[in-house]
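The block underneath contains the structure these notes are about, expressed in structure tokens.
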Amino acid sequence: MDVRDLQVFLSVAKHLNFTRAGEEIHLSQPSVSVRIRQLESELGLKLFEQLGKKVALTEAGLVLIPYANRVMAAVDDAQHAIHELQGLERGSLRIGASTTPGMYLIPKTIAHFKDRHPKIEIHLGIKDTRQVEDGVIRNEFDFGFVGGHLAGDEVDVLPWFTDQLVLIASASHALARKRSVKAEDLRKERFIFREPGSATRAAIVSHLRRCDLQLEVVMEMENPESVKKAVQSGLGIAFISKFAVEAELKAKTLVAVRVRGLGINRELKIVHRKDKHLSRAARTFIELALARK
């Protein structure tokens, strides 16, 4: 069984589109089709089927995915092990990060790491927590930094930072003139939330349920910068990571409002596959991130 064929299979399984898979792995669409046919012929079963205009995985295809992932992870581990013979003089890191750590915490760690190890290439992918953990499991990332832990027992989890979620309002909002408010007072406010799949949103929803508090959500946005701009424009108020609004709070363009009896904290974590061999570069980066807590 050819490793390249398995790589092509995983890309088609991910996109369910032969053209997009080819773009990802730098093959033409006909070449992708040929490799899939070769693999199907070798296995004696169809891996994909055409349902109208859509491509779908067959039962055999679904069964093959975890095995193919393990093969590709083993190949990647072998490459890392060979590169380790050269220490930290060359190599690359594929880091996944959910939005808050990816935008406000990891860039500083990358800068410190690059100062010490300039020849290591770093690729940072910023996605939501679920996508980062899925990427770690599929070996698209060597490790990830997330705002929650949603995956099963396929990953190891290291505690990292405690993140405080604060309620923010524009400087002209009525709440900005108050030192604190009761949780009940929030029922009459308009809220801007992060998108489903966001660990920030999950932490907020979990706390609100425990308080039996239902809020009016008027808008959902996919990143903290958009949330901040919407709040500054007076479209509503929002809960957001304190790491994301340090500059705005200091400049007083946004105001943090204390909610009595409603303290929302969540744990930021580092995740990697349990069966993955972490390269020396990966271990060094994680150690540096932990040291900067």
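A single entry from LEU262, LEU288, LEU249, LEU268 fulfils the requirement of being closer than 30 Å to CYS211 by Cα and in a helix (DSSP H, G or I): LEU249.
Grab the strands (runs of 3 or more DSSP E) fully contained in segment 112-172, keeping just those with 3 or more residues being within 20 Å of PRO224 (Cβ to Cβ) and modelled with pLDDT under 95. Fully inside segment 112-172 and qualifying: 155-170. Taking segment 183-203 as the range and being under 28 Å from the mean Cα position of the chain (by Cα), charged (D, E, K, R) and open to solvent by less than 40 Å² (accessible area, probe 1.4 Å) as the test, the residues that pass are ARG194, GLU195. Under the condition of being open to solvent by 70 Å² or more (accessible area, probe 1.4 Å) and of a type in the set (Asp, Glu), which residue from segment 1-55 is nearest to the chain's Cα centre (by Cα)? My answer is GLU24. Put simply, of THR100, THR129, THR58 the only residue that is surrounded by fewer than 20 Cβ atoms within 10 Å (Cβ to Cβ) and among the hydroxyl-bearing types (Ser, Thr, Tyr) is THR58. Among the candidates SER180, SER233, SER170, SER206, the residue that is touching a residue at least 24 places away in the same chain (Cβ under 8 Å), more than 18 Å from GLN131 (Cβ to Cβ), hydroxyl-bearing (Ser, Thr, Tyr) and open to solvent by 30 Å² or more (accessible area, probe 1.4 Å) is uniquely SER233.
When you look at PHE193, is it assigned to a strand (DSSP E or B) and closer than 30 Å to LEU290 by Cα, yes or no? Step through it out loud before you land on a result.
Details: assigned to a strand (DSSP E or B): yes; closer than 30 Å to LEU290 by Cα: yes.
Taking the combined requirement at face value, the residue satisfies it.
Within segment 263-274, is even one residue open to solvent by 20 Å² or more (accessible area, probe 1.4 Å) and hydrophobic (A, V, I, L, M, F, W, C)? No: segment 263-274 contains no residue that is open to solvent by 20 Å² or more (accessible area, probe 1.4 Å) and hydrophobic (A, V, I, L, M, F, W, C).
The values are calculated or read from the model by the stated rules, or taken from the named source; none is laboratory data. On a predicted model such as this, the values are computed, not experimentally measured, just so you know. FYI the Cβ positions are ideal-geometry reconstructions off the backbone, even for glycines, and counts take in every protein chain you see. Accessible surface areas use protein heavy atoms only, side chains included; no ligands, DNA or RNA. Shrake-Rupley method; radii C 1.70, N 1.55, O 1.52, S 1.80 Å.
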